[in-house]
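In what follows, a structure is listed as structure tokens, so that the remarks can point back to it.
The values are calculated or read from the model by the stated rules, or taken from the named source; none is laboratory data. In this text the structure is predicted, and so the values were computed from the model without any measurement. A quick note on method: Cβ atoms are made from the backbone with ideal geometry, for glycine too, and the neighbour counts reach across all protein chains shown. Accessible surface is based on the protein model in full, side chains and every heavy atom, while ligands, DNA and RNA are left aside. Shrake-Rupley method; radii C 1.70, N 1.55, O 1.52, S 1.80 Å.
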Amino acid sequence: MHHIPIRRALTLVPFALVLLAPAAPAQDSAALPPAVRNAMAQASPQAIAEYRRKLAEYQEARAAFDAEAGAYWSQISEKRRTRNAKRRSGQQVTLDDYVLEHPPLYTGPKRPVNPEPEEAPERPARKPIPVVADFLRAAQEQYQFTPQRPTSEVEFKRAYARYALASGLTREQAVRVYSFETGGTGNYDVQSGIEHGGKRAISTAVGYNQLLTTNSVELLAEQGHELIRALGEKVAQTSGPARKPLEYKLAVLKRMVAHAKSVPDTWSEHEKIGNTAQGWAMHAMVLDIDVGPMLQTHKLLTSVLFARAKGYTRPLTAAELEMMNLTGDGTGLDMVTMPSAMREQVPTANFFQRGGYERNPVAIRHNTVAKLLAVTDARMDSNSSNAGARELAGAF
């Protein structure tokens, strides 16, 4: 049986009463219920005709744009496949392997507003983004574990600096990426969106290098052996009452690594875990004074090692490392290995999917590789003078 939604039923009855009742004085209309006023204020035939004319113009312009944009982004995808194939076979990538025109941007008329009442489609409730309190709760529930938080911010910075330097990161790389990612002010537990006065998390990214839950799962899966080795060394060097909690932490870390390795080593599989309570619990390790600095380091170190493995031996600048950190190692290396002259000519669109590019005003405004790297460097320069960045530099 078809049921009329309650919202519609409540608007139909007052409208029927209006048709049956004597006309009310004009000055009394403001006292009528909103549903009655809306029903009385029906759009005129002229307004409806004008709307339909503008809608047709909009649809025609949008269809023409979508056809042009579709062809452009198909070419972007084809060129990307060609570059990947050439790299796999050891061939040189040239300027001809990139699309050198900038993508079309829609400049036609906006979609007109319908003067007739429309029932808004019901949107599914947005799934809330977990925050630090959720990660800590999950760690306790899933692993009966609470991360050991630092006694101060500088304690975490010093632990990060020690491990980063020992692993091969430079002070410039670590400090400038931190400055870009956190504005040069973020604490070890800063979460994306809850900073600089923000009240709502916009992602699960936490810490100096803004690890997502998926990053934490992936690092545990791929670098777990190194994390276990390093923490095991600390356990071996510790005696007295402090040793027992470290031994328990090592046991928990081993369980987390085993769980992370229990699925195929792909981003999509790690993302599935990252969206569960178990993934949230793993993500809580970014807050731990022993494991957190290692996870933050490996977020950048994996990009450095990836570049070396691909034959790129020149040290990465902080801006180049950030490109790999932001876009992924493969896409980032595509930009990093590009000669300077090519960077001036190659549009940033070559490294995006259509939807991501059209939602990214920075990539649109700074629309070549050279410009994107330059604005990244400029932001790093500006933020490196902030208190947190100076404190991190001092920790090195």
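Yes/no per residue for (1) out of contact with any helix residue (DSSP H, G or I) (no Cβ under 7 Å at 6 or more places or on another chain); (2) over 30 Å from Gln140 (Cβ atoms); (3) not in a loop (DSSP other than H, G, I, E, B):
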| position | (1), (2), (3) |
| --- | --- |
| Leu295 | no, no, yes |
| Leu301 | no, no, yes |
| Arg308 | yes, yes, yes |
| Gly332 | no, yes, yes |
| Met335 | no, yes, yes |
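When Ser268, Ser262 are screened for being small (Gly, Ala, Ser), open to solvent by 60 Å² or more (accessible area, probe 1.4 Å) and not in a helix (DSSP H, G or I), only Ser262 passes. Scanning region 79-101 for residues that are within 26 Å of the chain's Cα centre (by Cα), modelled with pLDDT under 95 and either surrounded by fewer than 11 Cβ atoms within 10 Å (Cβ to Cβ) or part of a loop (DSSP other than H, G, I, E, B) (or both) yields one hit, Arg81.
Does Arg255 satisfy the condition of being basic (Lys, Arg), touching a residue at least 40 places away in the same chain (Cβ under 8 Å) and within 19 Å of Leu136 (Cβ to Cβ)? Answer is yes for this residue. For Ala393, state whether it is under 23 Å from the mean Cα position of the chain (by Cα) and assigned to a helix (DSSP H, G or I). When the stated conditions are applied, Ala393 does not pass them.
The number of residues in region 73-113 being hydrophobic (A, V, I, L, M, F, W, C) and more than 22 Å from Phe352 (Cβ to Cβ) comes to 1.
Considering Ala30, Ala41, Ala56, the condition of being modelled with pLDDT of 90 or more and open to solvent by less than 100 Å² (accessible area, probe 1.4 Å) is satisfied by Ala56 alone. Please verify whether region 181-194 includes one or more residues that are under 18 Å from Lys157 (Cα atoms), open to solvent by 10 Å² or more (accessible area, probe 1.4 Å) and in a helix (DSSP H, G or I). Yes: one or more hits.
Residue by residue, here is whether (1) modelled with pLDDT of 90 or more; (2) within 28 Å of Asp66 (Cα to Cα) holds:
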site: Ile289; (1), (2): yes, no
site: Thr297; (1), (2): yes, no
site: Leu300; (1), (2): yes, no
site: Gly330; (1), (2): no, no
site: Val346; (1), (2): yes, yes
site: Ala349; (1), (2): yes, yes
site: Gly356; (1), (2): no, yes
site: Asn360; (1), (2): no, yes
site: Val375; (1), (2): yes, no
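Just the residues that are open to solvent by 50 Å² or more (accessible area, probe 1.4 Å) and closer than 19 Å to Thr170 by Cβ, please, taken from region 366-378. Give the steps one after another, and end with the answer.
Pass one, region 366-378, residues open to solvent by 50 Å² or more (accessible area, probe 1.4 Å): 371, 374, 377-378.
Listed by number, the list holds a single entry, Asp377.
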